[in-house]
1. Does the stretch 361-383 hold any residues that are among the small types (Gly, Ala, Ser), surrounded by fewer than 21 Cβ atoms within 10 Å (Cβ to Cβ) and part of a loop (DSSP other than H, G, I, E, B), and which are they?
2. Take the residues in the stretch 134-173 that are in contact with a Pro (Cβ under 9 Å, 6 or more places away or on another chain) and among the acidic types (Asp, Glu), then tell me which one is surrounded by the most Cβ atoms within 10 Å (Cβ to Cβ).
3. Can you tell me which residue within the stretch 177-202, out of those that are surrounded by fewer than 24 Cβ atoms within 10 Å (Cβ to Cβ) and assigned to a loop (DSSP other than H, G, I, E, B), is farthest from the chain's Cα centre (by Cα)?
4. Pick from ARG243, ARG274, ARG286: which is touching a residue at least 12 places away in the same chain (Cβ under 8 Å), of a type in the set (Lys, Arg) and over 25 Å from LEU390 (Cβ atoms)?
5. Would you say SER354 is in a loop (DSSP other than H, G, I, E, B) and more than 27 Å from LEU261 (Cβ to Cβ)?
6. Being surrounded by fewer than 11 Cβ atoms within 10 Å (Cβ to Cβ) and either in contact (Cβ under 8 Å) with a residue 40 or more places away in the chain or outside any helix (DSSP H, G or I) (or both) is the filter here, so list the residues in the stretch 46-72 that pass it.
7. Can you report the number of residues in the stretch 237-253 which are crowded, with 21+ Cβ neighbours inside 10 Å and under 15 Å from ALA80 (Cα atoms)?
8. Tell me whether the stretch 293-312 contains one or more residues that are hydroxyl-bearing (Ser, Thr, Tyr) and surrounded by 16 or more Cβ atoms within 10 Å (Cβ to Cβ).
Amino acid sequence: MIDDRPYAAQLDARADALATICVHAGDRPDPTTHALDVPIVLSSAFGFASADEAAGAFQGRNDAHIYGRWGNPTVEALEAKLTALEGTEQACATASGMAAISGAVLAFCSQGDHVVAPRSMYAESARLLRERLPRFGIETTFVDATEAGAYEAALRPTTRLLYLETPANPNLAVGDVAAIVRLARSRGIATLADNTFATPFAQTPHALGVDVIVHSMTKAIGGHGDAIGGCVCGSREHVARVRDLVVKGLGGVISPMTAFLVARGLRTFALRARQQCASAAVLAERLAAHPHVSAVHHPSLPGHPGHALARRQMHAYGALLSFELRAGGSGGGRAIEAGRRVLEGVRTITHAVSLGDVRSLLTHPASTTHSTMPPEARAAANISDGLLRLSVGIESTEDLWRDLQRALEA
């Protein structure tokens, strides 16, 4: 994990550990054309060599492809890369991150079951748990995920799943993965971690004992802002359960073209993540010293409440950070107006939602990504009206800092 060596050297080592996996895992020259890139197979159905092969495919006695919703060679090549990156037995690609998240939760929970989840998390995931699943008899208790004891205090006899998102969206709160896994295993409860924010570059939850890992591949895994997809990684048993439900049953199928784009993006993932994590740490340190900034949230900062924990369970501190403006006066209106001026003042950084792009993206969660959360829920999750979230891209660190300085002075 993160030690006392220079951070740049540790990022270099992590990138070196993943670079070959990113380029070669799942790829093989096409046996017919000898093309180096896995072909984009745009077929909805596949022919059989014999009646026996067809029957065997449906009975699971061979690996013959049947139908695009059940499996596709282009998608399977991407899934092999994801499996290698997360260090799991299998992976399942889905149509979006929310298809992966909802499918993973539903694969473990039925009517009458209970989930424990963090207060601070991706807003649409929170909405799924808070608004959508209760219609089907699945309830959720939201807790302060920085306190491992909060998970235990929230347990019920019907609890089937402990949900983790660390570092959290958008306040970068860090939860103790190993402690939550120990609690879950002692009670026979499954664990699910959304690793979108951290990415496999910065954190590998399966190595810490988490059962199922989900990603929005739209973000850093794809990395170029041109493809929407999700994935679920875990044991063969768990992934098969999710695949049968969300892909085969509910139709959350990723297209072969999208799978090709994500796999192409993954080949440079280690290099991109190395640059993004390095820049994020520099920007966090400089923002923390800026007179117009009242707080910076990034695990690299020694004053961050989760700094020591991040050193133990992460490979890097990640490419996302958030900061709060020191607005004059009081009240949310002042904070929102100050945030608006910064958003409209950036030039190199793009004012847009999403994250993990090669471009740096800046957003105001209270009025955009987390606006679906009730104000009291945002307050409980420490998402203030003045909070700005920055997803650091691969641009020059100095160019990004000059852009932020100019916007802050506005």
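The values are calculated or read from the model by the stated rules, or taken from the named source; none is laboratory data. Since this is a predicted model, take the numbers as computed values, not measurements. Every residue, glycine among them, receives a Cβ derived from its backbone with ideal geometry; neighbour counts consider all protein chains shown.
1. Once the filter is applied, which keeps residues that are among the small types (Gly, Ala, Ser), surrounded by fewer than 21 Cβ atoms within 10 Å (Cβ to Cβ) and part of a loop (DSSP other than H, G, I, E, B), the stretch 361-383 yields only SER371.
2. This residue is GLU165.
3. Among them, the one singled out is GLY188.
4. Step by step, each of ARG243, ARG274, ARG286 is checked, and only ARG243 is touching a residue at least 12 places away in the same chain (Cβ under 8 Å), of a type in the set (Lys, Arg) and over 25 Å from LEU390 (Cβ atoms).
5. No; evaluated as a whole, the condition is false for this residue.
6. GLY47, ALA49, SER50, GLY60, ASP63 - these are the residues of the stretch 46-72 that are surrounded by fewer than 11 Cβ atoms within 10 Å (Cβ to Cβ) and either in contact (Cβ under 8 Å) with a residue 40 or more places away in the chain or outside any helix (DSSP H, G or I) (or both).
7. Count: 2.
8. Within the stretch 293-312, one or more residues are hydroxyl-bearing (Ser, Thr, Tyr) and surrounded by 16 or more Cβ atoms within 10 Å (Cβ to Cβ).
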